[in-house]
Amino acid sequence: MDNQQATSADTFIKGLWRDNPVFVQVLGMCPVLAVTNSAVNALTMGLATLFVLLMSNIMVSLLRNWIPKEVRIASFILIIATFVTLVDYVIQAISLDLHKNLGAFISLIVVNCLILGRAEAFASKHPPLSSVLDALGMGTGFTFALLCMGSIRELLGNGSVFGWALFADSYQPWVVMILPSGGFFTLGVLMLVINRINKRVALSNARSEA
Amino acid sequence: MAAMTSSLTALWPMYRSLVGLGVICTVCIVAVVMVTTPAIKQNQQDAMHRAIFAVLPGTTTIGAFTYDSGADAFSTVVQGGAGSTLYVGYDPQGQLVGVAIAAEGQGYQDKIKIIYGYSPDKQTVIGMRVIESRETPGLGDRIETDSAFQANFIALDVRLNAQGNDLVHPVELVKSGQKTKAWQIDGITGATISSQAITDMIAHSVSTWLPRVRDHIAQLEQPHG
């Protein structure tokens, strides 16, 4: 029982850091680079992806014994595309401005390999509860990564976070940070920092064991 | 025969899964579209109204007219009707403040959609808002955010000539800070193409619309046609 609980906790936690979809698995780079030019856009994109991932994982897991393996990819895409369309309309109903900012990237959640990847690698082989935990973990990890990128880029590129100005008016924004190239810079630096931390942790673990 | 039966049995689960999912997904999407459409329509209308109030300062009520170019006539808007729409703003006394005209054109990245307010009394453009654009953040998108650029459209001279078929002075773009005449638009440094796009859209749109407004001004002055 203890072992089982540890496994389900791990199913959730692995997506947050150890197998983080963005920083470790480097999946779904299109939205990661394209819509993280402000914290609001990044958060919305992250939550939309989390929702689609959660719903598709649940559906795929429930139907995993019913879908023949020959047509599984087509079926998964159909499920994912349906939820993406739902999210697209709901965001339009909530705020047109938000929908305008995210542009085509909401529809492109369909082809986010994170979602199809989790359906294929996890949900099609595990019961619904584990799949929910997996989706929540991966989705939160993805949202967290996007939010990091969005906050850093908005802060440097526009002097604000979530639209709140944090620097004095004399601050000259680095426009490059909210342009596409800024996405690559930020991602590169974040991955550098995260790999460095992981290396140090691994090193100190090895030392304490020795 | 045996081979055929077995291939049919193998096909059935695939057929069932794809068609079944397809039907379920279609039903879900149709349901969501039906539920969200009123809210989306409302949002679009609100955004349009906010833009109209912004480009026609002093307006309290808005009327909408459709122009039929074949008949050269304005009529009150029919829901879902064809033709290009023109919005008219009235002040609390029911006097005409100005007309709001939508225009669009190619920007640096993608199509830009704007709406601008025109005052027939002053014969000037009195406000401009960008409704849709994907211009470069920090450069081209300053057509929306730069207050110095927006100030070009508070009193932009678009007087019609005596025949009423063209402008006395065509609207033109000048380099940032070199505006000397009321019909010139001060461009944005680093966003020449976006500034030029806005200038062209307004120049083109006023030459089409202003003669129509002038010819039908009596009708437009009456709220609700």
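The values are calculated or read from the model by the stated rules, or taken from the named source; none is laboratory data. Quantities reported herein were computed from a predicted structural model and do not represent experimental measurements. Here the Cβ positions follow ideal geometry from the backbone for every residue, glycine too, while neighbour counts run over all protein chains shown.
Restricting attention to region B:169-191, the residues that are out of contact with any Ser or Thr (no Cβ under 9 Å at 6 or more places or on another chain) and hydroxyl-bearing (Ser, Thr, Tyr) add up to 1. Screening A:Leu50 on (1) within 14 Å of another protein chain (Cβ to nearest Cβ); (2) closer than 17 Å to A:Phe122 by Cα; (3) among the hydrophobic types (A, V, I, L, M, F, W, C) shows it passes everything except condition (1).
Out of everything in region B:121-138 that is within 14 Å of chain A (Cβ to nearest Cβ) and not in a strand (DSSP E or B), what residue ends up being farthest from A:Leu156 (Cα to Cα)?
Of the residues in region B:121-138, the ones within 14 Å of chain A (Cβ to nearest Cβ) are B:129-138.
From what is left, the residues that are not in a strand (DSSP E or B) are B:133-138.
Values: B:Ser133: 23, B:Arg134: 21, B:Glu135: 20, B:Thr136: 17, B:Pro137: 13, B:Gly138: 12 Å.
Taking the candidates together, the pick is B:Ser133.
Of all residues in region B:191-225, those that are under 24 Å from B:Gln106 (Cα atoms) and without any contact (Cβ under 8 Å) to a residue 24 or more places away in the chain total 3. The listed residues are A:Asn205, A:Asn158, and the only one of them that is modelled with pLDDT under 90, farther than 22 Å from A:Ile80 by Cα and surrounded by 22 or more Cβ atoms within 10 Å (Cβ to Cβ) turns out to be A:Asn158.
Scan B:Ile101, B:Ile126, B:Ile112 and give me the residue that is at pLDDT 90 or above, under 25 Å from A:Ala34 (Cα atoms) and crowded, with 19+ Cβ neighbours inside 10 Å. Reasoning before the result, please.
Numbers: B:Ile101 fails: under 25 Å from A:Ala34 (Cα atoms); B:Ile126 fails: under 25 Å from A:Ala34 (Cα atoms).
Step by step, each of B:Ile101, B:Ile126, B:Ile112 is checked, and only B:Ile112 is at pLDDT 90 or above, under 25 Å from A:Ala34 (Cα atoms) and crowded, with 19+ Cβ neighbours inside 10 Å.
Tell me which residues, restricted to region A:148-179, are of a type outside the set (A, V, I, L, M), away from every other protein chain (no Cβ under 14 Å) and either in a helix (DSSP H, G or I) or under 18 Å from A:Ala42 (Cβ atoms) (or both). Hits for region A:148-179 are A:Cys148, A:Ser151, A:Phe162, A:Trp164.
Scan region A:26-72 for residues that are in contact with an Asp or Glu (Cβ under 7 Å, 6 or more places away or on another chain) and hydrophobic (A, V, I, L, M, F, W, C) and the total you get is 1.
One line per residue, one yes/no per condition, for (1) facing chain B (nearest Cβ under 9 Å); (2) under 19 Å from the mean Cα position of the chain (by Cα); (3) more than 27 Å from A:Gly163 (Cβ to Cβ):
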site: A:Ser75; (1), (2), (3): yes, no, yes
site: A:Ala93; (1), (2), (3): yes, no, no
site: A:Lys100; (1), (2), (3): yes, no, no
site: A:Phe105; (1), (2), (3): no, yes, no
site: A:Leu108; (1), (2), (3): no, yes, no
site: A:Leu114; (1), (2), (3): no, yes, yes
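Out of contact with any Lys or Arg (no Cβ under 9 Å at 6 or more places or on another chain) and either at pLDDT 90 or above or assigned to a strand (DSSP E or B) (or both): which single residue out of B:Gln178, B:Gln196, B:Gln163 fits that description?
Details: B:Gln178 fails: either at pLDDT 90 or above or assigned to a strand (DSSP E or B) (or both); B:Gln163 fails: either at pLDDT 90 or above or assigned to a strand (DSSP E or B) (or both).
Criteria check complete, one pass: B:Gln196.
A quick yes/no check of all residues on (1) more than 29 Å from B:Gln109 (Cα to Cα); (2) touching a residue at least 12 places away in the same chain (Cβ under 8 Å); (3) of a type in the set (A, V, I, L, M):
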{"residue": "A:His126", "(1), (2), (3)": "yes, yes, no"}
{"residue": "A:Gly137", "(1), (2), (3)": "yes, yes, no"}
{"residue": "A:Leu146", "(1), (2), (3)": "no, yes, yes"}
{"residue": "A:Gly157", "(1), (2), (3)": "no, yes, no"}
{"residue": "A:Met177", "(1), (2), (3)": "no, yes, yes"}
{"residue": "A:Ser181", "(1), (2), (3)": "no, no, no"}
{"residue": "A:Gly188", "(1), (2), (3)": "no, no, no"}
{"residue": "A:Val193", "(1), (2), (3)": "yes, no, yes"}
{"residue": "A:Leu203", "(1), (2), (3)": "yes, no, yes"}
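The conditions of being part of a helix (DSSP H, G or I), of a type outside the set (A, V, I, L, M, F, W, C) and within 15 Å of the chain's Cα centre (by Cα) are not met by A:Gly182.
Using the structure shown, decide if A:Val35 is touching a residue at least 40 places away in the same chain (Cβ under 8 Å), within 14 Å of chain B (Cβ to nearest Cβ) and within 19 Å of the chain's Cα centre (by Cα).
Numbers: touching a residue at least 40 places away in the same chain (Cβ under 8 Å): yes; within 14 Å of chain B (Cβ to nearest Cβ): yes; within 19 Å of the chain's Cα centre (by Cα): yes.
Spelling it out, A:Val35 is indeed touching a residue at least 40 places away in the same chain (Cβ under 8 Å), within 14 Å of chain B (Cβ to nearest Cβ) and within 19 Å of the chain's Cα centre (by Cα).
Considering B:Tyr118, B:Tyr108, the condition of being touching a helix residue (DSSP H, G or I) at 6+ places or on another chain (Cβ under 8 Å), within 14 Å of chain A (Cβ to nearest Cβ) and either more than 23 Å from A:Glu154 (Cβ to Cβ) or not hydrophobic (A, V, I, L, M, F, W, C) (or both) is satisfied by B:Tyr108 alone.
Could you tell me whether any residue of region A:74-85 is hydrophobic (A, V, I, L, M, F, W, C) and in contact with a Phe, Trp or Tyr (Cβ under 9 Å, 6 or more places away or on another chain)? Working first, answer last.
Restricting attention to region A:74-85, the residues satisfying the condition of being hydrophobic (A, V, I, L, M, F, W, C) are A:74, A:76-81, A:83-84.
Filter again for in contact with a Phe, Trp or Tyr (Cβ under 9 Å, 6 or more places away or on another chain), leaving A:83.
Yes: one or more hits.
Which of the residues spanning region B:181-193 are of a type outside the set (A, V, I, L, M) and outside any strand (DSSP E or B)? Don't jump to the end; show me each part of the working.
Just the residues of region B:181-193 that are of a type outside the set (A, V, I, L, M), to begin with: B:181, B:183-184, B:186-187, B:189-190, B:192.
Matches in region B:181-193: B:Lys181, B:Trp183, B:Gly187, B:Thr189, B:Gly190, B:Thr192.
Taking region B:87-108 as the range and being farther than 10 Å from B:Leu220 by Cα, under 16 Å from the mean Cα position of the chain (by Cα) and not β-branched (Val, Ile, Thr) as the test, the residues that pass are B:Ala100, B:Ala102, B:Ala103, B:Glu104, B:Gly105, B:Gln106, B:Gly107.
Out of curiosity, is A:Arg196 of a type in the set (Lys, Arg) and either within 14 Å of chain B (Cβ to nearest Cβ) or closer than 19 Å to A:Val32 by Cβ (or both)?
On the way: of a type in the set (Lys, Arg): yes; either within 14 Å of chain B (Cβ to nearest Cβ) or closer than 19 Å to A:Val32 by Cβ (or both): no.
For A:Arg196, the condition - of a type in the set (Lys, Arg) and either within 14 Å of chain B (Cβ to nearest Cβ) or closer than 19 Å to A:Val32 by Cβ (or both) - is not met.
Filter region A:68-85 for residues that are more than 24 Å from B:Met34 (Cα to Cα) and touching a residue at least 12 places away in the same chain (Cβ under 8 Å) and give the result. Let's see the steps before the verdict.
The first filter runs over region A:68-85 and keeps only residues more than 24 Å from B:Met34 (Cα to Cα), leaving A:68-76.
Within region A:68-85, A:Arg72, A:Ile73, A:Ser75, A:Phe76 meet the criteria.
Please enumerate the residues belonging to region A:60-73 that are facing chain B (nearest Cβ under 10 Å) and closer than 13 Å to A:Ser131 by Cβ. Steps first, answer last, please.
Quick first cut of region A:60-73, residues facing chain B (nearest Cβ under 10 Å) only: A:63, A:66-72.
Result: A:Leu63, single match.
Just so you know, in region B:27-66 the residues that are small (Gly, Ala, Ser) and facing chain A (nearest Cβ under 10 Å) include one that is nearest to B:Glu144 (Cα to Cα), and it is B:Ala47.
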